[in-house]
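To start, the structure itself, in structure tokens.
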Amino acid sequence: MKRYYRPLAQIDPARPKGAHVLAGGWCWFDRVEVLSRDTAPEVIPADRLPTEVLTRLCAPRASVAGLTFERAKLMGILNVTPDSFSDGGKFLDPEAAIAHAKNMQAEGADILDIGGESTRPGAAYVPAVEEIRRTAPVIAALQSAAVGPISIDTRKADVAEAALSAGAALINDVYAFTHDPRLLAVSAKAQVPVCLMHAQGDPETMQTDPQYADVVLDVYDFLEERILTAEAAGIERSRIMIDPGIGFGKTIAHNLALLRRLSLFHALGCVILLGASRKRFIGVIGNAPSAEDRAFGSVSVALSAVAQGVQLLRVHDTKETKQALDLMQAIQTGTP
Ligand code: HH2
């Protein structure tokens, strides 16, 4: 029977003797929830963990695209699309895109994620040539303006290649190399870091009736398998970030189940990225039908993720999230 080990991440200043530091970051743990598909969850002392599990949970995460994770970092979202659910149509003009990117960087974004195809529920497929036309010139312009590092949000190898040539430093594939297997070879050859996200189904239909045996464990197994595939192709684990894919083929209950047990994913030994910003479940729970009114709810989700040791937050509201993180960190460390 496969067991899954979820560290009970703590940020309290009173750290018991013998507690372990989680992923070299700001959380500690001395207990672990053991999950399995057949038995009820059980909480055990961390000292009873298999050695290799404990080692992987504690190992400081390597830097990714120049970012280090002694504290949580921000990935600012820049969609150069006509139809993204939140910022669609706003940044199609390259000058507007560049101004927004500079603004997000000034507000505290540590990396910018450029996307040329919306993957919101119901979004239509965009041919690679069009996606390249939207993204590559903006990436090149940001590079020459020394705005960066830059991540390319794409599921297509051709788009990633054009983005890398233009100066992108990271490939963010919401289909974790399952949509276009050539993207695996492109990423391995370029030796760039990658983000592997879980998604169930295509954007057109993914929200129709998503089903899981156990959403948390199913997403974990999927990411574990994708990491092994990436490693086999020559991408070291230290260059892989993982993302549970909030909203991608998931009901509100699925999203909440994942957000409650995010710390499980540390057991995979990678930096965790979370992209919950302004998503629909925030609008439903937070009574904010318009995506632009979801900053408070998004910040709340971000803080709860950071309390579980999540290292990178993909956000629209850089200023608000940075302010919240700064206060959380000041309270935790006791220094302004
Ligand atoms: N979410 C979106 C797009 N890319 N990448 C990662 N790693 N994680 C995410 O959760 C994620 C992502 C969807 O959000 P957005 O880019 O704001 O909208 P759209 O897909 O409509 O362009």
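Just so you know, all these numbers are worked out from the coordinates, no wet-lab data involved. Predicted model, so just to flag it, every value in this text is computed and none were measured. Reconstructed Cβ throughout: ideal geometry from the backbone, glycine too, with neighbour counts over all protein chains shown.
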Table column - 3J(HN,Hα) (Hz), the stretch 319-334, Karplus curve with 6.51, -1.76, 1.60, x for Gly and Pro: 4, 5, 5, 4, 4, 5, 5, 4, 5, 4, 5, 4, 5, 5, 8, x
Sequence of Arg280, Arg261 once ranked by neighbouring C-beta atoms within 10 Å, starting from the fewest: Arg280, Arg261
Percent of Cα pairs exceeding the 21 Å cut-off, where the set is the stretch 188-304: 42 percent
Given charges at beta-carbon only (K, R positive; D, E negative), |dipole| of the chain in Debye: 700 debye
Directionally averaged shadow of the stretch 259-326, computed from the convex hull of its alpha-carbon atoms, nm²: 4.3 nm²
Between 0 and 90°, nearest 10: helix 128-144 axis offset from the chain longest Cα axis: 80 degrees
Linear extension gain, Glu70 paired with Glu236, 0.36 nm per residue minus alpha-carbon span: 57.7 nm
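With N set to the residue count of the stretch 103-231, report its C-alpha Rg divided by 2.2 N^0.38 Å to two decimal places.
Details: Rg = 15.3 Å, N = 129, 2.2 N^0.38 = 13.9 Å.
In units of the 2.2 N^0.38 Å rule of thumb, it is 1.10.
Relative to the Cα centre, what is the charge dipole magnitude of the stretch 1-95, using +1 at the beta carbon of each Lys and Arg, -1 at the beta carbon of each Asp and Glu, and rounding to the nearest 20 debye? Walk me through the numbers before you get to the answer.
On the way: 13 positive and 12 negative charges, 102 e Å.
The dipole of the stretch 1-95 has a size of about 500 debye.
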Those residues of the stretch 262-276 whose amide nitrogen sits under 20 Å from the label point placed on Glu52, 7 Å along Cα→Cβ: 264-271
5 angstrom amide H check on Met241, placed H, neighbours 5+ away: Val194, Cys195, Leu196
Between 0 and 90°, nearest 10: helix 295-306 axis offset from the chain longest Cα axis: 40 degrees
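Report the rotationally averaged projected area of the stretch 223-271 based on its alpha-carbon convex hull, in square nanometres. Intermediate values should be presented prior to the final figure.
Numbers: hull surface 14.1 nm².
Directional mean of the projected Cα hull area for the stretch 223-271 stands at 3.5 nm².
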Label-zone membership for the stretch 301-331, site Arg260, 7 angstrom Cα→C-beta point, backbone N under 19 Å: 301-310
Among His316, Leu256, Val306 the positive-end extreme of the charge dipole of the stretch 230-336 (Cβ point charges): Leu256
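If one computes P(r) from the Cα atoms of the chain, what percent of pairs lie at distances over 29 Å? Provide the component values of the computation, followed by the final result.
Details: 19465 of 56280 pairs.
So the pairs more than 29 Å apart make up 35 percent of the total in the chain.
What does the net charge come to around Ala19 if you take all other residues with beta carbon closer than 13 Å to its beta carbon, with K and R at +1 and D and E at -1? Intermediate values should be presented prior to the final figure.
Details: positive: Arg15, Lys17, Arg31; negative: Asp12, Asp30, Asp47.
Charge balance near Ala19 sits at 0.
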Signed unit charges on C-beta, dipole axis of the chain, positive-most listed residue Gln329, Pro137, Ala230: Gln329
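Tally Lys and Arg at +1 and Asp and Glu at -1 over the other residues with C-beta under 15 Å from the C-beta of Leu325: what net charge comes out? All intermediate terms of the calculation are to be shown ahead of the outcome.
Values: positive: Arg71, Lys73, Arg314, Lys319, Lys322; negative: Glu70, Glu107, Asp110, Asp317, Glu320, Asp326.
Around Leu325, the charge tally is -1.
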Glu33 paired with Lys189, simple spin-label distance in nm, labels 7 Å along Cα-to-beta-carbon: 4.3 nm
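Where the only charges are on Cβ atoms (+1 Lys, Arg; -1 Asp, Glu), what is the dipole of the stretch 124-261 about its Cα centre, to the nearest 20 debye? Present the calculation step by step, with values, prior to reporting the outcome.
Details: 12 positive and 18 negative charges, 81 e Å.
Dipole of the stretch 124-261, to the nearest 20 debye: 400 debye.
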Gain on full stretching of the segment that runs from Ala62 to Gln332 - 0.36 nm per residue minus C-alpha separation: 94.9 nm
Nearest-ten-degree value, helix 94-107 long axis tilted from longest Cα axis of the chain: 30 degrees
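By the scheme Lys and Arg +1, Asp and Glu -1, what is the net charge of all other residues having a beta-carbon under 11 Å from that of Asn255?
Values: positive: Lys250, Arg260, Lys279, Arg280; negative: none.
Result for the neighbourhood of Asn255: +4.
What FRET efficiency comes out for the pair Asn287/Gln323, r = Cβ-Cβ distance, R0 = 22 Å, nearest 0.05? Show your work: numbers first, answer last.
Details: r = 23 Å, r/R0 = 1.03.
Once rounded, the FRET efficiency stands at 0.45.
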Convex hull (Cα only) mean projected area of the stretch 1-136, reported in nm² to one decimal: 12.5 nm²
Estimated inter-spin distance, Thr208 and Ala40, nm [label 7 Å along Cα→Cβ]: 3.8 nm
